[in-house]
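One structure below.
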Amino acid sequence: MGLANGRIRSTPQLRRRLLAWYDAEQRDLPWRRSRDPYAVWVSEIMLQQTRVAAVVDRFQAFLARFPTVGALARASEQDVLAQWSGLGYYRRARMMLQAARQVVREHGGDLPKSAEELRGLPGIGVYTAAAIASIAHGEPAAVVDGNVERVLCRLAGWDAASPESKSSLRKRIGELAAQLLDTVRPGDFNQAMMELGATVCLPRNPQCARCPISASCATRGEHKTIARAPMQTRDAAYALSVRGVGTRKSAVLLEQRSRRETVMPGMWELPALRTCPEEAHMTLRHAIMQVNYRVLIRQVTEKQISDLTQRSGRRRWVPLGELPDMALTGLARKVLVRARLMPAP
């Protein structure tokens, strides 16, 4: 086996081995229990740049709240963002809402079936369109995400850190993905490739002894990859102010981010402190993209708010019972859950 003239030898055998492994070893994930294109779409958008463990609960809650494209299209943006809270990259949720409204307006509430038509919807690119079309409708469209890209580079022995242009390498990767795709079970094959990259062909310390297609692999181990940008570390400090503690009128002060913000516009968060406190009532870690934050939380009385906090948006005293339906930032939700002011999602 191996690569010959730009093609993997014994491709039929590779397909059989990979699919047999997937049938036996795939993780039991809720979105794999349905071929409903709407559920596939929701899962694929949620899984972009987000850990599987974080998606499982949010996926089920999202579908319970918005069970159909029509239900999603009728929702307000704030309601959708509230259900998305904790997943990050909130632009994905906004684009989903736009796409749902377009599907209702132009397609009678049914998602298009082909990858080409799906790419005409907001937030759906080549990868997501191929995933939906192959999994839900059996279209022979190859999927290439980061995991699949790594598997294919290792199979072929291509150096992802070589001087070759990224566009040229990605073209070769796309061509190889299309060559290997099983046209009888394209959805399962795509998911098998992604599963292999997520659980066996890992970025570091790949489990080659467990790999069902190692006989076809030119690398059989680690190879050079494009280095990730190093994580930055920063401090952040917020005020937790609650009034009416222990009464039916208990409320927490929240501030809405400006709609002009490039990150999490319109989301609700705790008011920022003017300076980091020497002593904090709560300390936690929170990562946003390439930044690890050490977050300091200080309890602040209503009288101290003006002196201790930096106002940058509209503020509101929110009754504790309304918090689960607020479009909270992931950090605000994490703090409020830890402070036992709202239930865990």
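The values are calculated or read from the model by the stated rules, or taken from the named source; none is laboratory data. The structure presented is a predicted model; accordingly, all values stated were derived computationally and were not measured. Reconstructed Cβ throughout: ideal geometry from the backbone, glycine too, with neighbour counts over all protein chains shown.
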Could you please find all residues in the range 39-85 being surrounded by fewer than 21 Cβ atoms within 10 Å (Cβ to Cβ) and not in a helix (DSSP H, G or I)? 48, 49, 50, 51, 67, 68, 75, 76
Please specify each residue of the range 274-297 satisfying the condition of being assigned to a loop (DSSP other than H, G, I, E, B) and of a type in the set (Ser, Thr, Tyr). 275
Test for residue 101: is it of a type in the set (Lys, Arg), over 27 Å from residue 186 (Cα atoms) and surrounded by 15 or more Cβ atoms within 10 Å (Cβ to Cβ): yes
Considering only residues that are small (Gly, Ala, Ser) and free of Cβ contacts under 8 Å to residues at least 40 places away in the same chain, which ones fall in the range 100-125? 100, 108, 114, 115, 120, 125
Need pairs with beta-carbon distance below 7 Å; first residue within 12 Å of residue 242 (Cβ to Cβ) and within the range 300-318, second loosely packed, with under 15 Cβ neighbours inside 10 Å; sequence gap 6+ or separate chains. 302/243; 317/243
Could you list, in sequence order, all residues of the range 17-38 that are charged (D, E, K, R) and surrounded by 14 or more Cβ atoms within 10 Å (Cβ to Cβ)? 17, 25, 32, 36
Please give the number of the condition residue 209 fails out of (1) at pLDDT 85 or above; (2) outside the structural domain of residue 94 (by TED's automatic domain parsing); (3) loosely packed, with under 13 Cβ neighbours inside 10 Å. (2)
Of the residues in the range 319-336, how many are surrounded by 16 or more Cβ atoms within 10 Å (Cβ to Cβ) and either assigned to a strand (DSSP E or B) or without any contact (Cβ under 8 Å) to a residue 40 or more places away in the chain (or both)? 1
Exception for residue 17 within (1) part of a helix (DSSP H, G or I); (2) free of Cβ contacts under 8 Å to residues at least 12 places away in the same chain falls at (2)
